[in-house]
Structure formats: C-alpha cells, structure tokens
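The structure under discussion appears below in the form of structure tokens.
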Amino acid sequence: MTLLAIETSCDETSAAVVRDGKILSNTVSSQIKLHAEYGGVVPELAAREHLKNLLPVTRAALHEAGISSKELDAVAATQGPGLGIALLVGFKAAQAVAFALNKPFLGINHHEAHLYSPWIAGTPPVADFSQFQPNVSLIVSGGHTMLVLVESELKHRVLGGTIDDAAGECFDKTGKMMGLAYPAGPEIDRLAEQGNPKAFDFPRPLLHDPGDDFSFSGLKTSVRYFLRDNPALLDDAQKIRDLCASVQAAIVEVLVTKTLRAARRNNVRCVTASGGVTCNRALRAELTRACERNGFNLRLAEKSLCTDNAAMIGILAERKLLQQFPLPPLDEEIQPGWVLA
Ligand code: KG4
Ligand code: ZN
C-alpha cells in the first residue's frame, strides 16, 4: 500500500509517502524562525505559512519518493489535536486529494501517531511492533507531556498527563527568562552541556506523587522568582550554563522517574519516548541509563522523527487501513481538542 500523509497541526508543514511500513519520503518545512520573534506559535501566521508551503512540500515528498499521485492507494492527515486553523489547511487539502483520486482517506490522532514514531526507523528496524508490546510510552513536546500504556497495536490507554504546562513549554519559557531565543529547548540542551546540573536546586514537581500526572508550572515560577532575586546571574555566561543544566536536570529527573515508575507498575518490559523534547540529550542519556539499570528495553524515536512529521501519521494510517479500520465519511471535520483516551 502506498500512502500520502500530511501533518499541519502546529508549526511544521510536513508531507510523507509511506509504503508497506517504510518511509519513502518525509519532507518537513519548519516555521520556527517565523514564530521566533513572537516568542511562540501565532496560529494565524502558522495557517498562512501552511497554505504557502503545503503544495511545494507535498510535491517534494512525492518527487523524493519517486511516485506520481496516481500511484497512491490512500491519503491520511492529522485530524487533531492541534491549532484549529493550522489543522484545517492540511486536513482539508488531504481530503481534497483523496476525493480527486477517489481513494480512502483517514484522519489520524497526532498523539497516537507519536506512539508509533519510535518504531518506524532506527536500529534495528522493527517490522513487528508486537515484540515490544506492551510498553509504556512517554510523549513529551511543547504542547504535551503524557504517559501512555500501549497494550498492543492500536490498543492503548493514557495513564497520565500534565495538569498545567508541558515539559517543552517549561524549557521554552524558562529559557526565555534567561534571554534565550524561542524555542529555547535546543539551546538549553546545548548550554547545559557545559553547565553544572547541581549548581541550583529547582523543584521536581509531583516527583513523589504516585500518580502518572505531571506539572511544570511550579518549576517555571520558581525559576522566575529565582531570577528576580538574582538578576546578576544573567550577566555571567557560566552561570547561565549552570542555570540551563539545573533546570534541565529538574525536568529530566521528573520525566525519567515517572516513566520508569509507570513501566514498573504496569509490568511492561519496554519503554518508548517521542515528541520534540525527546531530542534532548540529557533525557535520552538518563532514560537509557535508567532503563539499562532496571532491565527495560528502551526505544527512543530517532531525532528527526521526534518532532512533528507526516511519516508517523502515514505509518499509523497504513496500519489502521490494513486492519480494516472503518473509513469515516470524506467530509469529516478536524478535531482540534481530540484527546487520546
Ligand atoms: O514535538 P514538537 O516539535 O512540537 C510540539 O510541541 O508539538 O516539540 C517542540 C518542543 C519545543 O518546546 C522545543 O523547545 C522542544 O520540543 N525541544 C527540546 C529540544 N529539541 C526540541 N527541548 C529540550 N531539548 C531539546 N534538544
Ligand atoms: Zn507532536
């Protein structure tokens, strides 16, 4: 089966062609620079940019895959959750393509697709997901932080999520307080390499709470008050590196501890992680260490597939189509608030 997938839920315009579980192409046009001057994603601008980029990105994906649109067997797009007017662009365009080609169309939950992104590339490549199921999966990005129990293919249950800010948002907002450009996560990661993670002691919210929910707004506020009381720290480049390392250590400790606890409680043997924050080197290293120590198999999404991309949408859509997932009517609407259950 050859399938075209489109993803426009936030600030990445992406199109991918997948065939028989393999990515033939995965073109991503990021809008990060556009939104940087506003310090966050501006939905109206995101939608306009998607409109501008969707056609060239889709053409590039088809070209790289070496196929024409006539060879497509199905079309898929992100249906939600995401920014309404951003989702609308990709979803309606994909429906139009399916209509024109008279092919099946499937709307996909963005988070459910993240669950599969650790499997679709990497070493060793995994043809059969089932050998790593059940697993506990951490999805951690700018908009979301959640733990999901994947019992078997297409069967999962959300264990917990953030009750306020996402971990990525905490990276971005605390970085902004330190004068770093949006999105600050990658820059904090880079600066933290030469910083002391024990230099400053920031709170680890809900670390000792037995549940699977997260909270990062208290950590953010604590950094804000700390900088209000110690503004001179920001004049010292090494102190900024120490701050980055200390904030990162707090976020990573919470993510790793709670993920491992959920994995133990649910008796799984495998842990997976995806979403933009999974690019973070400290998180990857700490998850690796903790899983080795506790005897869990760990599968991290490849960095290029951690951030939003259409390949994960296409891979999941193909699995659903192969399992005769019922096709919804072609005029279905977007679901910006679609919560994974
Ligand atoms: O998944 P993603 O591209 O978009 C959504 O938010 O859905 O994730 C973007 C988030 C941003 O908050 C960004 O700062 C964070 O992922 N991020 C990182 C790193 N790379 C991206 N955070 C920490 N360390 C990184 N290396
Ligand atoms: Zn995402």
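Kindly list the number of the only condition in (1) outside the structural domain of Gly21 (by TED's automatic domain parsing); (2) within 30 Å of Ala16 (Cβ to Cβ); (3) within 16 Å of ligand 1 (Cβ to nearest atom) that fails for Ala263.
The single condition Ala263 does not satisfy is (3).
Can you tell me which residue is farthest from Leu283 (Cα to Cα) among those in the range 139-161 that are within 12 Å of ligand 1 (Cβ to nearest atom) and not in a strand (DSSP E or B)?
Filtering the range 139-161 for residues that are within 12 Å of ligand 1 (Cβ to nearest atom) and not in a strand (DSSP E or B), the one farthest from Leu283 (Cα to Cα) comes out as Gly143.
Could you tell me whether any residue of the range 17-40 is in contact with a Lys or Arg (Cβ under 6 Å, 6 or more places away or on another chain) and either crowded, with 20+ Cβ neighbours inside 10 Å or part of a strand (DSSP E or B) (or both)?
no
How many of the residues in the range 274-309 are within 16 Å of ligand 2 (Cβ to nearest atom) and polar (S, T, N, Q)?
Of the range 274-309, the ones within 16 Å of ligand 2 (Cβ to nearest atom) are 274-280, 283, 300-309.
Then drop every residue that is not polar (S, T, N, Q), which leaves 274, 278, 280, 304, 307, 309.
Residues in the range 274-309 being within 16 Å of ligand 2 (Cβ to nearest atom) and polar (S, T, N, Q): 6 in total.
Of the residues that make up the range 64-79, is at least one modelled with pLDDT under 95, in contact with a His (Cβ under 7 Å, 6 or more places away or on another chain) and within 13 Å of ligand 1 (Cβ to nearest atom)?
no
Quick check on Pro183: is it within 13 Å of ligand 1 (Cβ to nearest atom), assigned to a loop (DSSP other than H, G, I, E, B) and either under 25 Å from the mean Cα position of the chain (by Cα) or buried (at least 17 other Cβ atoms within 10 Å of the Cβ) (or both)? Quick ask: steps written out before the conclusion?
Numbers: within 13 Å of ligand 1 (Cβ to nearest atom): yes; assigned to a loop (DSSP other than H, G, I, E, B): yes; either under 25 Å from the mean Cα position of the chain (by Cα) or buried (at least 17 other Cβ atoms within 10 Å of the Cβ) (or both): yes.
Yes; evaluated as a whole, the condition is true for this residue.
Taking Thr162 as meeting all but one of (1) buried (at least 24 other Cβ atoms within 10 Å of the Cβ); (2) in contact with a strand residue (DSSP E or B) (Cβ under 9 Å, 6 or more places away or on another chain), write down the number of the exception.
Of everything listed in (1) buried (at least 24 other Cβ atoms within 10 Å of the Cβ); (2) in contact with a strand residue (DSSP E or B) (Cβ under 9 Å, 6 or more places away or on another chain), Thr162 misses just condition (1).
Looking only at the range 278-330, how many residues end up being assigned to a helix (DSSP H, G or I), more than 16 Å from Leu106 (Cα to Cα) and of a type outside the set (Lys, Arg)? Even if it seems obvious, please write down each step before you answer.
Residues of the range 278-330 that are assigned to a helix (DSSP H, G or I), as a first pass: 278-279, 281-294, 303-306, 310-322.
Next, from what is left, pick out any that are more than 16 Å from Leu106 (Cα to Cα): 278-279, 281-294, 303-306.
Going one step further and asking which of them are of a type outside the set (Lys, Arg), we end up with 278-279, 282-283, 285-288, 290-292, 294, 304-306.
Final tally of qualifying residues: 15.
Can you name every residue in the range 186-239 that is crowded, with 17+ Cβ neighbours inside 10 Å and in contact with a strand residue (DSSP E or B) (Cβ under 9 Å, 6 or more places away or on another chain)?
Pro205, Leu206, Asp212, Asp213, Phe214, Ser215, Phe216, listed by residue number.
The values are calculated or read from the model by the stated rules, or taken from the named source; none is laboratory data. Please read all numbers here as calculations on a predicted model, not as lab measurements. Quick reminder, even Gly has a Cβ in these numbers, built from the backbone with ideal geometry, and neighbours come from all protein chains shown.
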